[in-house]
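Following: one structure in structure tokens, then a few remarks.
The values are calculated or read from the model by the stated rules, or taken from the named source; none is laboratory data. Fair warning: this is a prediction, and the values are worked out from it, not measured in the lab. Glycine gets a Cβ as well: all are built from the backbone with ideal geometry, and neighbour counts include every protein chain shown. Areas reflect the complete protein model, heavy atoms only, side chains present, ligands, DNA and RNA absent. Shrake-Rupley method; radii C 1.70, N 1.55, O 1.52, S 1.80 Å.
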Amino acid sequence: MGSLVFLFAFSFVLLLAASTASAARIVEHTFIVQNLTLNRLCNRQVITAVNGSFPGPTFRVRERDTLIVHVFNKSPYNLTIHWHGIFQILSGWADGPNMVTQCPIRPGNKYTYKFKIIKQEGTLWWHAHASALRATVYGALIIRPRTGHSYPFPKPYREVPILLGEWWNANIIDVQNEALALGRGPNVSDAYTLNGWPGDLYPCSGSQMYKLKVVQGKTYLLRIINAALDNQLFYQIANHKMTVVAVDACYTKPYVTDVVVIAPGQTVDVLLTADQSIGSYYMAARAYASAFGVVPFDTTTTRGVIDYDGAPSSTTPVMPVLPAFNDTPTAHKFYSNLTSLVHGPHWDPVPLKVDHKMFVTIGLALQVCPSNTTCQGPINGTKLSAAMNNASFVSPTGLSMLQAFFFKVGGVYTTDFPAKPPVQLDYTNASINNNLPLLFAPKGTKVTKLKFNSTVEMVLQNTAIIGVENHPMHLHGFDFHVLAQGFGNYNPATDTNKFNLYDPQMRNTIAVPVGGWAVIRFVANNPGVWFMHCHLDAHLSIGLATAFVVENGPTLATTLPPPPADLPQC
């Protein structure tokens, strides 16, 4: 009898160990980052790429897996990799923004990113977070439910990443450096891309087009990622509806739409049912340009083809009618109609008690042109800048902010980021530009210090300085609830009545409406230094950013561990 009990207990332990092993794996990859020559738009162009592919590799993991990525920098540029949207709970050393959580990986050097995926599933992505390298250094990061769990919607026939990007017939680092030196915006891209291909509307690109073969009657999960540097995009499929089921790896109440609007940094998961007649249909994307007529942008269109199985090869694909470039009503309808899937996987209710309130203006600014230089800013003798609450962010140079936090080193950043703008005014009225002193924003590395587990509410208010624009704001380390969004100046007396405290969408990147505002709320339950910035690279590079320093919690389990031994040094 005793031997039977022992055998049963031993078998149970083996079964439990096998179950645990299958539920949480170690997934290991190697990145070789180096030059790659590609033919696009009738040109041979050298780009920086990962493992010889553009876009880079797609990762497929499960919730609770540990991801280890060995990055070897064989490119000529300083490099970091950011795992966009990953919480990095107690693994902030792996977050990746240059000089925020790490010094860059120098050419010829390497660094290993290691982190666990906790309470997240859906579509995220990874990209370079140093200079403008994310134009070509990026890829999908797909998190499926852990073993034994399923999607909160019928299992699709197939899952398909759709990565939207931009292409320049130039070295993107040179493009950015020239813009920064002259104090103006960068040259616009020469094309948009869909899974790395521009599509047949561009020169020499008739065969350079992504094609998706579908079976009539089957449903596909399209995992859409906007990896473009500087453009929000409309995405549409001719004659087909899409059902949004997640954004930024947060499940949504199903939302049926014929157009997806997606800002740089955002992801949107949609179910597409091949329910049309057997044939061919274009999927297409082009800019949503909220500053239409003020800021130059790429006016071209990328497209791929959905071919139904059995469609004749001679079939001419049907083209969707895309919204106008400046169709803000369509964009706002999409952005504002999304809601969370209440009680779905990893859903969190809105925290009702707020500990730290902030009112933060976001927009462009000016800086004085240095002597003996030529600048092409909006006003003679100026360079283009950007700011949050009139503070224009500058990255430190000698030590990363996270190292300064952990080792208690002073002089790297200051904790005096203003919780409100220095001057109250009519933020979205263009007459603000007549008050010249208001346009200049001091440079500095200012952050907000937060108590562990405190709840933060931020009103993000667009300004009309230089010009109004829809700004996609990305927060590292956390998801946030989007309580409300609207146009004009935020009015606390009336706009708080619009707060959705039941099922607001959860995101890591919010497209703040052009000439408007958005209110977000999150719990600072992850110690470390967390970047918040505009995901338009042209605006991040000139200072549209800040950071939160979240103090350690009361226990060892809520304290940031020491940095890894191979953390790059400046």
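Quick rundown of the values:
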read-out	value
Every residue from the stretch 440-466 that is closer than 21 Å to G515 by Cα and surrounded by 22 or more Cβ atoms within 10 Å (Cβ to Cβ)	A441, M458, L460, Q461, N462, T463, I465, I466
Every residue from the stretch 235-253 that is part of a strand (DSSP E or B) and either in contact with a His (Cβ under 8 Å, 6 or more places away or on another chain) or within 26 Å of Q120 (Cα to Cα) (or both)	Y235, M242, T243, V244, V245, A246, V247, C250, Y251, T252, K253
Matching residues, the stretch 274-299, being among the hydroxyl-bearing types (S, T, Y), within 26 Å of P329 (Cα to Cα) and touching a strand residue (DSSP E or B) at 6+ places or on another chain (Cβ under 6 Å)	Y281, Y282, Y288
Any hit, the stretch 363-382, residues being under 30 Å from S277 (Cα atoms) and part of a loop (DSSP other than H, G, I, E, B)	no
Residue within the stretch 111-128 that is in contact (Cβ under 8 Å) with a residue 40 or more places away in the chain, assigned to a strand (DSSP E or B) and of a type in the set (G, A, S) present	yes
Qualifying positions in the stretch 366-401 - open to solvent by less than 20 Å² (accessible area, probe 1.4 Å) and touching a helix residue (DSSP H, G or I) at 6+ places or on another chain (Cβ under 6 Å)	L366, A386
Subset tally (residues that are touching a Ser or Thr at 6+ places or on another chain (Cβ under 9 Å) and under 23 Å from M473 (Cα atoms)) for the stretch 234-252	10
Residue match in the stretch 492-513 (condition: on the phi > 0 side of the Ramachandran plot and open to solvent by 10 Å² or more (accessible area, probe 1.4 Å))	no
Condition met for L352 (assigned to a loop (DSSP other than H, G, I, E, B), hydrophobic (A, V, I, L, M, F, W, C), open to solvent by 70 Å² or more (accessible area, probe 1.4 Å) and under 27 Å from C250 (Cα atoms))	yes
The stretch 71-109: number of residues that are on the phi < 0 side of the Ramachandran plot and in a loop (DSSP other than H, G, I, E, B)	19
Evaluation of A311 against (1) crowded, with 18+ Cβ neighbours inside 10 Å; (2) within 24 Å of I262 (Cβ to Cβ) (one fails), failing number	(2)
Top-ranked residue of the stretch 205-227 - restricted to ones that are outside any strand (DSSP E or B) and either open to solvent by less than 10 Å² (accessible area, probe 1.4 Å) or in contact with a Ser or Thr (Cβ under 8 Å, 6 or more places away or on another chain) (or both), ranked as farthest from G122 (Cα to Cα)	S205
Number of the exception - Q485 against (1) open to solvent by less than 10 Å² (accessible area, probe 1.4 Å); (2) part of a strand (DSSP E or B)	(1)
Qualifying positions in the stretch 516-561 - among the polar types (S, T, N, Q) and open to solvent by less than 10 Å² (accessible area, probe 1.4 Å)	N526, T546
Condition met for D298 (open to solvent by less than 10 Å² (accessible area, probe 1.4 Å) and not in a strand (DSSP E or B))	yes
Members of the stretch 57-78 found to be more than 20 Å from G477 (Cα to Cα) and open to solvent by 10 Å² or more (accessible area, probe 1.4 Å), listed by number	P57, T58, R60, H70, F72, K74, P76, Y77, N78
Among (1) crowded, with 21+ Cβ neighbours inside 10 Å; (2) under 24 Å from E159 (Cα atoms), the one test that I81 misses	(2)
Test: residue in the stretch 467-478 that is more than 30 Å from F405 (Cβ to Cβ), at pLDDT 95 or above, part of a loop (DSSP other than H, G, I, E, B) and small (G, A, S)	no
Flag for Y113 being of a type in the set (F, W, Y), open to solvent by 10 Å² or more (accessible area, probe 1.4 Å) and touching a helix residue (DSSP H, G or I) at 6+ places or on another chain (Cβ under 9 Å)	no
Matching residues in the stretch 88-107 - criterion: being within 26 Å of W167 (Cα to Cα) and open to solvent by 20 Å² or more (accessible area, probe 1.4 Å)	N98, R106, P107
